[in-house]
1. If you check A17, A62, A95, which single one turns out to be small (G, A, S), touching a residue at least 24 places away in the same chain (Cβ under 8 Å) and in a strand (DSSP E or B)?
2. Identify all residues within segment 193-208 that are free of Cβ contacts under 8 Å to residues at least 60 places away in the same chain, more than 18 Å from P143 (Cβ to Cβ) and within 17 Å of the chain's Cα centre (by Cα); write none if there are none.
3. Given the structure, is G101 at pLDDT 95 or above, part of a loop (DSSP other than H, G, I, E, B) and open to solvent by less than 60 Å² (accessible area, probe 1.4 Å)?
4. Hey, any hits in segment 57-71 for a residue that's polar (S, T, N, Q) and in contact with a strand residue (DSSP E or B) (Cβ under 7 Å, 6 or more places away or on another chain)?
5. Which one of these does H124 not meet: (1) open to solvent by less than 10 Å² (accessible area, probe 1.4 Å); (2) over 22 Å from A208 (Cβ atoms); (3) under 15 Å from the mean Cα position of the chain (by Cα)?
6. Go through the residues of segment 206-220 one by one and say whether even a single one is under 22 Å from G45 (Cβ atoms), at pLDDT 95 or above and in a helix (DSSP H, G or I).
7. I want to confirm something. Restricting to segment 183-204 and keeping residues that are among the basic types (K, R) and surrounded by fewer than 17 Cβ atoms within 10 Å (Cβ to Cβ), which single residue is farthest from A113 (Cα to Cα)?
8. Does A95 qualify as being modelled with pLDDT under 95 and either under 16 Å from the mean Cα position of the chain (by Cα) or surrounded by fewer than 23 Cβ atoms within 10 Å (Cβ to Cβ) (or both)?
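The values are calculated or read from the model by the stated rules, or taken from the named source; none is laboratory data. Nothing here was measured: the structure is a model prediction, and the numbers come from that model. Virtual Cβ from ideal backbone geometry, glycine too; neighbours counted across all protein chains shown. Ligands, DNA and RNA are stripped out before the accessible areas are found, and what is left, the full protein with its side chains, is counted by its heavy atoms. Shrake-Rupley method; radii C 1.70, N 1.55, O 1.52, S 1.80 Å.
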Amino acid sequence: MPDLVCDKVIREGCAQAPARLLLAHGAGAGMDHDFLTRLSALLAGPDIEVIRFNFPYMSKRAQDGKRRPPDRQPVLLAHWRAMVAEFAHPRLFIAGKSMGGRMAAEIADDVNAAGLFVLGYPFHPPAKPDAWRGEILKQIKTPTLLLQGERDSFGSRLELADFPFSACVDVQWLQDGDHSFKPRKASGRTEPENLAQAVAHIQCFIKAQTSGAVHDVVLQGVNDEN
């Protein structure tokens with residue numbers, strides 16, 4: 001069972017695990033969102049400890065039930081840095097869904113993260129392709145795994161075909177997935193299959209970064225199985 005600590009974080013997996021993953025939520029839902037809950041349950045275990053946390057505005061919502069817009073970027077970044085400092089680990093990986101991943105990307109190089117996972121980067125708001133963002137992914141130096149649904153309305157595979165990602169960014173596409181990796185029924189793919197594939201990529205990425213293995217070789221086995 002998840003370990004809820006003072007309504008501040010949710011911890012799963014072994015506290016003495018060789019790798020620790022700090023996981024942030026997206027703009028509209030907190031650390032207990034179903035997507036993050038399922039992802040954490042699949043990842044956490046003897047080799048990976050997963051710690052989920054809320055940004056300040058979401059903590060306030062959890063206390064009084066009132067919906068609030070996300071905190072401004074300086075507040076979000078400061079909170080991310082505070083979480084990294086509080087849960088420091090020799091092999092600390094940082095991750096986030098949508099907005100949480102975008103903010104994680106902004107601090108990854110500065111905090112010397114062992115690696116970064118972005119689960120659906122919000123390259124632009126839906127239906128606003130001109131409001132483009134994502135410059136950090138052109139220059140980031142931290143080993144990064146971007147998991148993106150092929151038809152994500154925040155940045156699809158077609159839209160990103162020519163995006164000049166940093167050499168440190170490994171992009172893995174989830175078949176027919178939307179912003180939460182959910183495919184259409186007609187695709188023949190299921191949501192659990194896409195989530196399982198995302199988890200396998202994350203596990204292989206962590207293994208590669210902690211063992212010194214070549215990431216591309218390890219991930220080839222994941223792709224061959226799916």
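1. Values: A17 fails: in a strand (DSSP E or B); A62 fails: in a strand (DSSP E or B).
Checking each option against the conditions leaves just A95.
2. Scanning segment 193-208 gives N194, Q197.
3. Values: at pLDDT 95 or above: yes; part of a loop (DSSP other than H, G, I, E, B): no; open to solvent by less than 60 Å² (accessible area, probe 1.4 Å): yes.
Considered against the rule, which asks whether it is at pLDDT 95 or above, part of a loop (DSSP other than H, G, I, E, B) and open to solvent by less than 60 Å² (accessible area, probe 1.4 Å), G101 comes out as no.
4. Checked against the condition, which is being polar (S, T, N, Q) and in contact with a strand residue (DSSP E or B) (Cβ under 7 Å, 6 or more places away or on another chain), segment 57-71 yields no hits at all.
5. (3)
6. Of segment 206-220, the ones under 22 Å from G45 (Cβ atoms) are 206-213, 215, 218-219.
From the residues that got through so far, the ones that are at pLDDT 95 or above too are 206.
Subsequent filtering for residues that are in a helix (DSSP H, G or I) retains 206.
For segment 206-220, residues under 22 Å from G45 (Cβ atoms), at pLDDT 95 or above and in a helix (DSSP H, G or I): present.
7. K185
8. Working: modelled with pLDDT under 95: no; either under 16 Å from the mean Cα position of the chain (by Cα) or surrounded by fewer than 23 Cβ atoms within 10 Å (Cβ to Cβ) (or both): yes.
Spelling it out, it is not the case that A95 is modelled with pLDDT under 95 and either under 16 Å from the mean Cα position of the chain (by Cα) or surrounded by fewer than 23 Cβ atoms within 10 Å (Cβ to Cβ) (or both).
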